[in-house]
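Below: one structure, written as structure tokens.
The values are calculated or read from the model by the stated rules, or taken from the named source; none is laboratory data. Note that the structure is a prediction, hence the values are computed from the model and not measured. Because the Cβ atoms are built from the backbone with ideal geometry, glycine has one as well, and the counts that use them run over all protein chains shown.
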């Protein structure tokens, strides 16, 4: 219970830091664009952030190798969630005010709600529709407070901002659907006590709960294959379950210690 509460507060803290960082990013980037070109300014910041995250992941002993089957989805996510979101919005800041740009680009949740139905089959609920109406109305009031006047530069900037928001929304929807497919690929066979021994079924359920943790894709697949092997051999000899289970957990612990060392 204490661990769950602590994790919840850590999540809120991370969310608060992220919101503050995003809010601070817009005016600072606007100042930076007076000295540097847009893509260079954003690209340099992205490379620096990537190096910092790489160092943190390496220090924590996390696996950094990308499975081959995940490369297409990673490239797609890089385009929608990084290149389009950061690149398009940064270029747009050359043409539109900071406040207006932030309002337009953060219409992403609106587009995500609208596009989730045709792309992922997630129908908006009544409360979602009400939120959409209020959100669109609020944005219209804020953007139209000084009247709607568009010159060529403002049209380009607005188009880039809406493109960034829409592509980011599409990326989040499709990546979420892709993660669900990976989870279904790694799903464990339905092993009930009716067809195998109760101790074996109980152990399989424990292993199955391990796959719900935040594991990388390769570990999930390895764990799924191992459990399937345990299940197949355990039906003939339940005693082998203990041997396989302990050897697997010890191997994982040894690999974790080696990475930390």
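How many residues does segment 55-65 hold that are modelled with pLDDT of 80 or more and surrounded by 12 or more Cβ atoms within 10 Å (Cβ to Cβ)?
2
Condition check: at positive phi and in the same structural domain as residue 39 (by TED's automatic domain parsing). Does residue 153 satisfy that?
On the way: at positive phi: no; in the same structural domain as residue 39 (by TED's automatic domain parsing): yes.
Spelling it out, it is not the case that residue 153 is at positive phi and in the same structural domain as residue 39 (by TED's automatic domain parsing).
For segment 26-48, give me the residue count where each residue is surrounded by 11 or more Cβ atoms within 10 Å (Cβ to Cβ) and either modelled with pLDDT under 80 or over 21 Å from residue 92 (Cα atoms) (or both).
Qualifying residue count for the region: 2.
So if I check each of 161, 142, which one is at pLDDT below 90 and either farther than 24 Å from residue 30 by Cβ or assigned by TED's automatic domain parsing to the domain that holds residue 30 (or both)?
142
Pull up segment 102-125, narrow it to residues that are part of a helix (DSSP H, G or I) and at pLDDT below 85, then point me to the one that is surrounded by the most Cβ atoms within 10 Å (Cβ to Cβ).
Once the filter is applied, the top-ranked residue is 102.
Of the numbered conditions (1) in contact (Cβ under 8 Å) with a residue 12 or more places away in the chain; (2) closer than 21 Å to residue 170 by Cα, residue 75 satisfies every one except a single condition; which is it?
Of the numbered conditions (1) in contact (Cβ under 8 Å) with a residue 12 or more places away in the chain; (2) closer than 21 Å to residue 170 by Cα, the odd one out for residue 75 is (1).
More than 24 Å from residue 27 (Cβ to Cβ) and without any contact (Cβ under 8 Å) to a residue 60 or more places away in the chain: does that describe residue 133?
Judged against the criteria, residue 133 is a match.
Among (1) part of a helix (DSSP H, G or I); (2) at pLDDT 85 or above, where does residue 3 come up short?
(2)
Taking the criterion of being out of contact with any strand residue (DSSP E or B) (no Cβ under 9 Å at 6 or more places or on another chain), outside any loop (DSSP other than H, G, I, E, B) and free of Cβ contacts under 8 Å to residues at least 60 places away in the same chain, would at least one residue in segment 89-98 satisfy it? If you could, list the steps in order and put the result at the bottom.
Step one: list which residues in segment 89-98 are out of contact with any strand residue (DSSP E or B) (no Cβ under 9 Å at 6 or more places or on another chain), which gives 89-98.
Applying the additional criterion that residues be outside any loop (DSSP other than H, G, I, E, B) yields 89-92, 98.
Remaining after also requiring free of Cβ contacts under 8 Å to residues at least 60 places away in the same chain: none.
Within segment 89-98, not a single residue is out of contact with any strand residue (DSSP E or B) (no Cβ under 9 Å at 6 or more places or on another chain), outside any loop (DSSP other than H, G, I, E, B) and free of Cβ contacts under 8 Å to residues at least 60 places away in the same chain.
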